[in-house]
């Protein structure tokens with residue numbers, strides 16, 4: 001007959017189980033009281049672009065696992081986001097593009113004030129696209145082809161005989177490159193750079209495409225546009241005759257792996273952190289160094305937003321789902337960070 005456990009034995013077992021749960025943190029064997037962020041608050045910020053909030057939330061959740069109390073992210077424009085980190089009004093962001101944001105980096109003090117820590121996202125590309133039907137019919141391959149008024153008029157949406165380019169919001173950084181290109185490639189007389197609310201403009205551009213009209217637009221990855229207007233199927237990238245970039249991006253790589261030159265620097269996306277914060281928080285620094293999110297995963301999440309899941313609560317859930325799907329590697333990041341603090 002099986003021997004029944006006495007109340008004393010049962011109580012002892014309960015205490016042991018509770019102790020094991022307490023000291024187990026993602027299987028790391030680290031007591032919560034010993035977490036490097038215990039009792040510390042951190043102040044993130046982001047660029048106000050909902051499609052780029054996901055990557056910050058993944059980073060924030062990593063710091064929360066390390067014991068930090070993460071405040072609600074400050075929502076700023078791109079310039080102010082860099083300034084806030086440089087001034088210490090925010091501790092970090094997860095949206096600094098290199099080299100596109102180099103000018104912002106230098107303006108806030110460069111390496112004396114801030115650091116691009118690790119590489120969160122690799123292979124972020126940008127460029128100009130047109131609908132494939134028009135490209136094939138008129139043999140349009142480069143943005144330079146739009147110097148021809150007859151070609152430019154194909155993309156005229158308002159009757160001024162100039163191509164209408166759906167462009168980049170003022171202050172994002174990409175608008176500097178576009179304005180530079182209009183001058184460098186002699187496009188200022190045949191192309192109009194339409195600016196405003198990018199995603200509202202793109203919604204209009206997509207509607208024009210669906211109605212059979214020719215379209216010309218700027219976009220980048222990672223985000224959802226490429227999932228709606230698919231390069232190679234619906235649209236085609238335009239190349240450039242030669243690389244010509246504004247100050248701060250000179251010498252940047254603008255060539256795709258297949259050899260096409262899109263005219264925009266191929267970027268990596270980084271956590272930008274205040275140097276004082278990094279010195280005081282080696283665990284956070286190490287987490288920033290090792291964290292990486294595949295660019296296609298961000299594109300897939302952005303497409304969920306395009307399909308209606310765009311509230312902060314839903315984006316937060318997307319981040320939780322991504323971490324759960326990548327739990328083993330995420331836990332390794334946490335381990336690395338804890339080791340750095342010891």
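The values are calculated or read from the model by the stated rules, or taken from the named source; none is laboratory data. Since the structure is predicted, the reported quantities are computational estimates derived from the model, not experimental observations. Cβ: placed from backbone, ideal geometry, glycine included. Neighbour counts: every protein chain shown.
Please pick out the residue among 334, 315, 323 that is at pLDDT 95 or above, surrounded by 13 or more Cβ atoms within 10 Å (Cβ to Cβ), assigned to a helix (DSSP H, G or I) and under 15 Å from the mean Cα position of the chain (by Cα). Show your work before the answer.
Working: 334 fails: under 15 Å from the mean Cα position of the chain (by Cα); 323 fails: under 15 Å from the mean Cα position of the chain (by Cα).
Unique residue meeting the criteria: 315.
Being closer than 26 Å to residue 103 by Cα and free of Cβ contacts under 8 Å to residues at least 12 places away in the same chain is the filter here; which residues of the range 229-253 pass it?
250, 251
Condition first: on the phi > 0 side of the Ramachandran plot and under 22 Å from the mean Cα position of the chain (by Cα). Can you find one or more residues in the range 292-308 that meet it? Full working, then the answer.
Going through the range 292-308, the residues on the phi > 0 side of the Ramachandran plot turn out to be 308.
Right, trim to under 22 Å from the mean Cα position of the chain (by Cα) and you get 308.
Checked against the condition, which is being on the phi > 0 side of the Ramachandran plot and under 22 Å from the mean Cα position of the chain (by Cα), the range 292-308 yields at least one hit.
Quick check, is residue 290 under 25 Å from residue 51 (Cα atoms) and in the same structural domain as residue 181 (by TED's automatic domain parsing)?
Details: under 25 Å from residue 51 (Cα atoms): yes; in the same structural domain as residue 181 (by TED's automatic domain parsing): no.
Answer is no for this residue.
I need the helices (runs of 4 or more DSSP H) fully contained in the range 148-228, keeping only those with at least 2 residues that are touching a strand residue (DSSP E or B) at 6+ places or on another chain (Cβ under 6 Å) and without any contact (Cβ under 8 Å) to a residue 40 or more places away in the chain. Working first, answer last.
Values: elements: 149-152, 174-184, 198-210, 225-228.
Here the list reads 198-210.
Go through the residues of the range 56-64 one by one and say whether even a single one is surrounded by fewer than 21 Cβ atoms within 10 Å (Cβ to Cβ) and over 30 Å from residue 208 (Cβ atoms).
Within the range 56-64, the first condition is being surrounded by fewer than 21 Cβ atoms within 10 Å (Cβ to Cβ), and the residues that meet it are 61, 64.
This time we only want the ones that are over 30 Å from residue 208 (Cβ atoms), so: 61, 64.
Among the residues of the range 56-64, at least one is surrounded by fewer than 21 Cβ atoms within 10 Å (Cβ to Cβ) and over 30 Å from residue 208 (Cβ atoms), which makes the answer yes.
Test of understanding: among 169, 93, which residue is on the phi < 0 side of the Ramachandran plot, under 16 Å from the mean Cα position of the chain (by Cα), buried (at least 17 other Cβ atoms within 10 Å of the Cβ) and not assigned by TED's automatic domain parsing to the domain that holds residue 235?
Numbers: 169 fails: not assigned by TED's automatic domain parsing to the domain that holds residue 235.
That would be 93, the only listed residue that is on the phi < 0 side of the Ramachandran plot, under 16 Å from the mean Cα position of the chain (by Cα), buried (at least 17 other Cβ atoms within 10 Å of the Cβ) and not assigned by TED's automatic domain parsing to the domain that holds residue 235.
Examine the range 280-289 for a residue that is surrounded by 15 or more Cβ atoms within 10 Å (Cβ to Cβ), closer than 30 Å to residue 187 by Cβ and under 19 Å from the mean Cα position of the chain (by Cα), and state whether such a residue exists.
Checked against the condition, which is being surrounded by 15 or more Cβ atoms within 10 Å (Cβ to Cβ), closer than 30 Å to residue 187 by Cβ and under 19 Å from the mean Cα position of the chain (by Cα), the range 280-289 yields no hits at all.
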